[in-house]
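Notes follow once the structure below has been shown.
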Amino acid sequence: MKEQLLSILNDLRPDVEFEKEEKLIDDGVLDSFDIVSLVSELNSEFDVEINVMDLEPENFNTVEAMLELIVKMQEEG
Amino acid sequence: MQRSVLDYLEQSAEKFPDRTVFADNENKVTYREFQAQAKAVATGLAQRLNMKTNQPVVVLIERKIESLRGFFGVIYSGNFYAPVDYQMPAKRIELMIETLKPAAVMVTDTTRRVMEQITYDGNIVSLQELTETAVEQGMLDEIARRQIDTDPLYAMFTSGSTGVPKGVLVSHRSVIDLIDNFKYEFGFDETMILGNQAPFDFDVSVKDIYSTLKNGGTMYVIPKMMFSMVARLIDYLNEKQINTVIWATSALRIVENLNVFSKKMPRYLRTVMFSGEVMPNKVLNYWRKYLPEVMFVNLYGPTEITCNCTFYKVDRPFADEEALPIGIAFKNTDLFLLDGDRKNEVEPGQVGEICVRGSSLALGYYNNEERTREAFIQNPLNPMYPETIYCTGDLAQYAEDGNLMFVSRKDYQIKHMGHRIELSEVEIAVNALPFVEAACCIYDTEEEKIVLFYQAAERCDRELLKQLGKNLPKYMFPNRLEYFEKLPLNKNAKIDRTWLKENYILS
């Protein structure tokens, strides 16, 4: 799952070293347009429904946090 | 008679000394404090520049209210500010500094390090240090006494087709003209609480800053992060009771794309204004559905005529596929549509280039006579005395109801397979499709193909073309489709057509 996520992220922003970043949102590495496309991508690839209430920095600041969010959503789903 | 935008600050500071004028995530400042700080900065700056006036001062900015203190320090010193984002590539900053040859570059503790990578042997002054100066009111009065309303207020950079950014130089008079018009048309008053989205090196922020000051309102600088973590954005709007926003079209689009209002609603918004690129009615209809009481205003205009020259208060329903009017000219602004030779007005109802006359015209491009002469020309309809008009390069036509309709950039109109086609028409049709997030068209003249670049959840060429057939004749179909997870954006958050063209059209 992590590899799948990383490949999505790398397609989206080939210029970012995602595994090294700890504050993707707080430091403004990912901007609003990245988030819009990332969310729709995650929703279709992982069959989840991330909605606007899940858009919190702590859910997107790191790759690990995103994974946690996806797993949580899949379990709930 | 008002000669300076400083009158806005002086008058509001008199009336509402203890009201917050500007606030960001970390700091806030009252009218009285802000005025005192700006005068201190001005005194220090004037001393260092030996009271020379009408000189460019670069302010290396962060998205913080202290940047605004820098701007107003420059204004009180009788000079004009050129905001430059410290996160811009050093090469580009250097190009701007080369163009401006500024009398000083103002830095903060954070932005100072940028200057280490840049060749500049003039004054580098620290905003923090200048703020410590004891105000010399006599000196500032002397500077103010000599000021006239056509003195420059700021220079803002826009991208130049040749790769060298152009510094659009705007006078006090032009901004006063704009801000007075905004108050008059949109009923702004002292209850205004404004949520700023536009970066300070982008002229959309001029409307935020000076409307706040004129009306005695409060402006909150919304952290950039909130435009991606949009639930927070709505919380923020509600917490600060923000009632007025003047945002980029793209910021409104994000809210629609993520269906934010299904979960959270802003409670205080009264006025929502947008500009920067064509607003798809699909996006606007989403906002209107949830916020039926809000006044929505479409604003149009390039930086060269001081932010906006036309406005349209949205006053009737629009179908998703329809185009939104750009409306009518502001008072004290005159528009006409010129033909391809820029010699005559076009016939009523015909498409022509929007040309503007009025106090809103910029003074020109700083230190760039050649580009200035191309766009700021003698009014061809008046050979009798010197009168400058600005030619926007935008094509428009009047609708039957008297509203101006944006058609396209001058260079977007194409002839394809014998048909005259406006690419923006194709764009509007594609943008109206529910599964399309954003789209733009570029014409490949070499291949004679309309190339469509679109952003959606997944590639859907077939479905897209099928749906398009419902709105467009076959000859207007894009001949090549390029799918993007995310379309590239330029610094102003518009789709980066130049980049697309370079990378997908020119071989």
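Here are B:Lys15, B:Lys52, B:Lys91, B:Lys39: which of them is touching a residue at least 24 places away in the same chain (Cβ under 8 Å), within 26 Å of B:Gly364 (Cβ to Cβ), out of contact with any Cys (no Cβ under 6 Å at 6 or more places or on another chain) and of a type in the set (Lys, Arg)? It would help to see each step written out before you state the result.
Values: B:Lys15 fails: within 26 Å of B:Gly364 (Cβ to Cβ); B:Lys91 fails: touching a residue at least 24 places away in the same chain (Cβ under 8 Å); B:Lys39 fails: within 26 Å of B:Gly364 (Cβ to Cβ).
So the residue among B:Lys15, B:Lys52, B:Lys91, B:Lys39 that is touching a residue at least 24 places away in the same chain (Cβ under 8 Å), within 26 Å of B:Gly364 (Cβ to Cβ), out of contact with any Cys (no Cβ under 6 Å at 6 or more places or on another chain) and of a type in the set (Lys, Arg) is B:Lys52.
Working only within the stretch A:23-70, note down all residues that are among the polar types (S, T, N, Q) and over 21 Å from B:Ala493 (Cα atoms).
Result: A:Asn43, A:Ser44, A:Asn51, A:Asn59, A:Asn61, A:Thr62.
Can you name the condition, by its number, that A:Asp27 falls short on among (1) without any contact (Cβ under 8 Å) to a residue 24 or more places away in the chain; (2) surrounded by 18 or more Cβ atoms within 10 Å (Cβ to Cβ); (3) more than 25 Å from B:Val436 (Cα to Cα)?
Result: A:Asp27 passes all but (2).
Please enumerate the residues belonging to the stretch B:21-65 that are surrounded by fewer than 22 Cβ atoms within 10 Å (Cβ to Cβ) and under 24 Å from B:Leu237 (Cβ atoms).
Of everything in the stretch B:21-65, those that are surrounded by fewer than 22 Cβ atoms within 10 Å (Cβ to Cβ) and under 24 Å from B:Leu237 (Cβ atoms) turn out to be B:Ala23, B:Asp24, B:Asn25, B:Glu26, B:Asn27, B:Lys28, B:Val29, B:Thr30, B:Glu62, B:Arg63, B:Lys64.
State the number of residues belonging to the stretch B:111-143 that are in contact (Cβ under 8 Å) with a residue 40 or more places away in the chain and exposed (fewer than 15 other Cβ atoms within 10 Å of the Cβ).
Residues that pass the stated criteria total 6.
Taking the stretch B:248-283, which residues are in contact (Cβ under 8 Å) with a residue 60 or more places away in the chain and either more than 22 Å from B:Phe202 (Cβ to Cβ) or within 11 Å of chain A (Cβ to nearest Cβ) (or both)? Write out each step before concluding.
Filtering the stretch B:248-283 down to residues in contact (Cβ under 8 Å) with a residue 60 or more places away in the chain leaves B:248, B:250-251, B:253, B:257, B:268, B:271, B:273, B:275-278, B:280-282.
B:Ala248, B:Ser250, B:Ala251, B:Arg253, B:Asn257, B:Tyr268, B:Asn281, B:Lys282 - these are the residues of the stretch B:248-283 that are in contact (Cβ under 8 Å) with a residue 60 or more places away in the chain and either more than 22 Å from B:Phe202 (Cβ to Cβ) or within 11 Å of chain A (Cβ to nearest Cβ) (or both).
Can you name the residue in the stretch A:1-24 that is of a type in the set (Lys, Arg) and part of a helix (DSSP H, G or I) and is also surrounded by the fewest Cβ atoms within 10 Å (Cβ to Cβ) among such residues?
Residues of the stretch A:1-24 that are of a type in the set (Lys, Arg), as a first pass: A:2, A:13, A:20, A:23.
Filter once more, so that each one left must be part of a helix (DSSP H, G or I): A:2, A:20.
Numbers: A:Lys2: 12, A:Lys20: 8.
Filtering first and then ranking leaves A:Lys20.
I'd like to verify a number: residues in the stretch B:342-365 that are among the charged types (D, E, K, R) and closer than 19 Å to B:Glu422 by Cα, how many?
2
Of all residues in the stretch B:418-461 being out of contact with any Leu (no Cβ under 9 Å at 6 or more places or on another chain) and exposed (fewer than 15 other Cβ atoms within 10 Å of the Cβ), which is farthest from A:Leu12 (Cα to Cα)?
Here the residue is B:Gly418.
Which residue is surrounded by the most Cβ atoms within 10 Å (Cβ to Cβ), if the candidates are limited to the stretch B:469-507 and must be polar (S, T, N, Q) and either outside any loop (DSSP other than H, G, I, E, B) or within 14 Å of chain A (Cβ to nearest Cβ) (or both)? Give the steps one after another, and end with the answer.
Here is the first cut: in the stretch B:469-507, the residues polar (S, T, N, Q) are B:471, B:479, B:490, B:492, B:498, B:503, B:507.
Adding the requirement that they be either outside any loop (DSSP other than H, G, I, E, B) or within 14 Å of chain A (Cβ to nearest Cβ) (or both) leaves B:490, B:492, B:498, B:503.
On the way: B:Asn490: 12, B:Asn492: 19, B:Thr498: 14, B:Asn503: 11.
Going through the qualifying residues, I end up with B:Asn492.
What about B:Glu437, is it outside any helix (DSSP H, G or I) and touching a helix residue (DSSP H, G or I) at 6+ places or on another chain (Cβ under 8 Å)? It would help to see each step written out before you state the result.
Values: outside any helix (DSSP H, G or I): yes; touching a helix residue (DSSP H, G or I) at 6+ places or on another chain (Cβ under 8 Å): yes.
Criteria met by B:Glu437.
Working carefully through the options B:Leu361, B:Leu335, find the one that is aliphatic (A, V, I, L, M), surrounded by 15 or more Cβ atoms within 10 Å (Cβ to Cβ), assigned to a loop (DSSP other than H, G, I, E, B) and modelled with pLDDT of 95 or more. First the steps, then the outcome.
On the way: B:Leu335 fails: assigned to a loop (DSSP other than H, G, I, E, B).
When all the criteria are applied, what remains is B:Leu361.
Could you check the stretch B:109-132 and list, in sequence order, the residues that are in contact with a strand residue (DSSP E or B) (Cβ under 8 Å, 6 or more places away or on another chain) and either hydrophobic (A, V, I, L, M, F, W, C) or part of a helix (DSSP H, G or I) (or both)? Don't jump to the end; show me each part of the working.
From the stretch B:109-132, those in contact with a strand residue (DSSP E or B) (Cβ under 8 Å, 6 or more places away or on another chain) are B:109, B:111-112, B:114-115, B:120, B:122-127, B:130; that's our starting set.
Correct list: B:Arg112, B:Val114, B:Met115, B:Ile124, B:Val125, B:Leu127, B:Leu130.
Within the bounds of the stretch A:24-33, is there any residue that is over 23 Å from B:Leu487 (Cα atoms), in contact with a helix residue (DSSP H, G or I) (Cβ under 8 Å, 6 or more places away or on another chain) and more than 8 Å from every other protein chain (Cβ to nearest Cβ)? Let's see the steps before the verdict.
First, pick out the residues of the stretch A:24-33 that are over 23 Å from B:Leu487 (Cα atoms): none.
Checked the stretch A:24-33: no residue is over 23 Å from B:Leu487 (Cα atoms), in contact with a helix residue (DSSP H, G or I) (Cβ under 8 Å, 6 or more places away or on another chain) and more than 8 Å from every other protein chain (Cβ to nearest Cβ).
In the stretch B:155-264, which helices (runs of 4 or more DSSP H) lie fully inside it and hold 1 or more residues that are surrounded by fewer than 24 Cβ atoms within 10 Å (Cβ to Cβ) and of a type in the set (Asp, Glu)? Step through it out loud before you land on a result.
Values: elements: B:172-186, B:204-215, B:230-239, B:249-257.
Passing ranges, in order: B:172-186, B:230-239, B:249-257.
Every residue, every condition in (1) of a type in the set (Asp, Glu); (2) more than 26 Å from B:Val204 (Cα to Cα), yes or no:
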| residue | (1), (2) |
| --- | --- |
| B:Ile414 | no, yes |
| B:Met417 | no, yes |
| B:Glu422 | yes, yes |
| B:Ile450 | no, yes |
| B:Ala457 | no, yes |
| B:Glu463 | yes, yes |
| B:Gly469 | no, yes |
| B:Asp496 | yes, no |
| B:Leu506 | no, yes |
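The values are calculated or read from the model by the stated rules, or taken from the named source; none is laboratory data. Here the structure is a predicted model, which is why all the values come from computation and not from measurement. Ideal geometry is used to build each Cβ from the backbone, glycine not excepted, and the neighbour counts take in all protein chains shown.
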